[in-house]
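Laboratory data are not the source of any read-out in this text; all were calculated from the coordinates shown. Bear in mind that the values here come from a model prediction, so they are computed numbers and not experimental data. For neighbour counting, all protein chains shown are included, and Cβ atoms are generated from backbone atoms with ideal geometry for every residue, glycine included.
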Amino acid sequence: MRLVTYRKGSSRPRVGAQVGEAVLDLAALAADLARERGAVRHGRGGVPKSLLELIQGGVEALALAREAFGHGEAILKRDGVNAVVERKLGVPAAKGRLEAPIPRPARNVFCLGRNYKEHAAERGAAAPEHPVYFTKAPETVVAPGARVIHHAATKELDYEVELAVVIGAAAKDIPREQALAHVFGYTVVNDVTARDLQKRHGQWFKGKSLDTCCPLGPVLVTADEIPDPQTLAITLRVNGETRQSSHTSRMIFPVDECIAVLSQGFTLLPGDVIATGTPEGVGAATGKLLKVGDKMEAEVEKIGVLANKVVAP
Ligand code: MN
């Protein structure tokens, strides 16, 4: 499933699944199924009210979401998008305004630094022997299409396209060979970075955690649709010009190792987001840093395009 958090008009965010030109409303579909089965209470049909809670709901919540999705797919196939919309079981994709799949993660976004050899080299660093971790504050997360502020605090704003992993079940000391079984799904993150602050303050947190500097989305693709996360093309364009173009097979520490090492003596929780590092081509290396008005498009194969514009403070 291609799960989304979306709004219709000014409504509260809903949990949806994207299929072609439609966004299915999973709670409405689950309620519709419950009604068909004669249940007295249908409400949201048991579907949690946010994608984060759905992830935290474990296998049971996911099974319910899949059942609702199957119901929606059947209606789509039989009667088309209009029937879905008329029965208030979804919206045309163009009418659903996307939020980040997890608009506010429960804790910091975990990130890998220097996880592509060519990127480490362009930053004048050797390939690390062990994964390098840092974090971004959860409040930095913004939606697909949201504006990224070029804060007055920085003169060197930069982009970084990355594959983001969302953890499914709570666990620590995860063996590498079991690590991918702990992944709920995958999305795209743009690890927007203030290079001058990153340098000035030694520890990277400051330069990585300015407000709006973590676009996330557009969809959260469940892990069953990406059995091997090391098989994806990864690119970033600024105003249509390709600035980063690589492949997740080029990660120094593949996703399973990133998870296994991070989980050593540290409990990962459902809904945790891990940004797995960026390939070469960042502005700090090429001199093409971000300017007000720039349109960034971060793309990972099989997931989609995460587009955000840079605006003045
Ligand atoms: Mn990064």
Problem set entry | Counting DSSP beta bridges with both ends in the chain, the antiparallel % (nearest 5) | 90 percent
Exercise. Could you put His201, His182 in order, starting from the residue whose Cβ has the fewest other Cβ atoms within 10 Å?
Worked result: His201, His182
Problem set entry | Euclidean distance of C-alpha centroids, segment 1-61 and segment 190-224, integer Å | 29 Å
Seminar exercise, completed: Under a Gaussian network model of the chain whose springs join Cα atoms within less than 10 Å, the largest fluctuation of Ala121, Ala137, Ala17 belongs to Ala121
Exercise. How do Ser50, Ser249, Ser11 line up, fewest other C-beta atoms within 10 Å first?
Worked result: Ser11, Ser249, Ser50
For this session: Would you kindly compute the Cα radius of gyration of the chain and its largest Cα-Cα separation (Dmax), both in Å?
Result: 19.7, 65
Exercise. When only C-alpha pairs under 8 Å and at least 6 residues apart count, what is the relative contact order of the chain, in percent?
Worked result: 22 percent
Exercise. With θ set to phi - 60° and the Karplus curve 6.51 cos²θ - 1.76 cosθ + 1.60, what are the ³J(HN,Hα) couplings of segment 246-262 in order, to the nearest whole Hz, using x for Gly and Pro?
Worked result: 8, 8, 5, 5, 8, 4, 5, 10, x, 3, 4, 6, 4, 5, 4, 5, 4
Problem set entry | Sites matching GluC sites (Glu not before Pro) across segment 60-162 that sit in DSSP coil, with at most 11 neighbouring C-beta atoms within 10 Å | Glu129
Problem set entry | Dipole axis of the chain (+1 Lys, Arg; -1 Asp, Glu on Cβ), positive-most option in Ala171, Ala284, Cys213 | Cys213
For this session: Choose one answer from Leu236, Leu216, Leu89: the residue with the largest mean-square fluctuation in a GNM of the chain with alpha-carbon springs under 10 Å.
Result: Leu89
Seminar exercise, completed: Final fewest-first order of His130, His151 on the 10 Å Cβ neighbour count is His130, His151
Exercise. Which entries in the list Lys136/Lys172; Lys172/Lys199; Lys8/Lys172; Lys206/Lys302; Lys95/Lys208 go over 29 Å, if you measure between the two C-alpha atoms of each?
Worked result: Lys172/Lys199; Lys8/Lys172; Lys206/Lys302; Lys95/Lys208
Problem set entry | Shape parameters for segment 14-126, alpha-carbon atoms, Rg then Dmax in Å | 18.8, 65
For this session: Per DSSP H run of at least 4 residues, take -39500 (n - 2.57); add these up for the chain, divide by its residues and hand me the 222 nm value, nearest 500 deg cm²/dmol.
Result: -6500 deg cm²/dmol
For this session: Compare Pro128, Pro215, Pro138 in a GNM of the chain, Cα atoms joined below 10 Å, and give the one with the largest fluctuation.
Result: Pro128
Seminar exercise, completed: Residues whose built amide H sits under 5 Å from the amide H of Glu99, excluding neighbours closer than 5 in sequence, are Thr5, Tyr6, Arg7
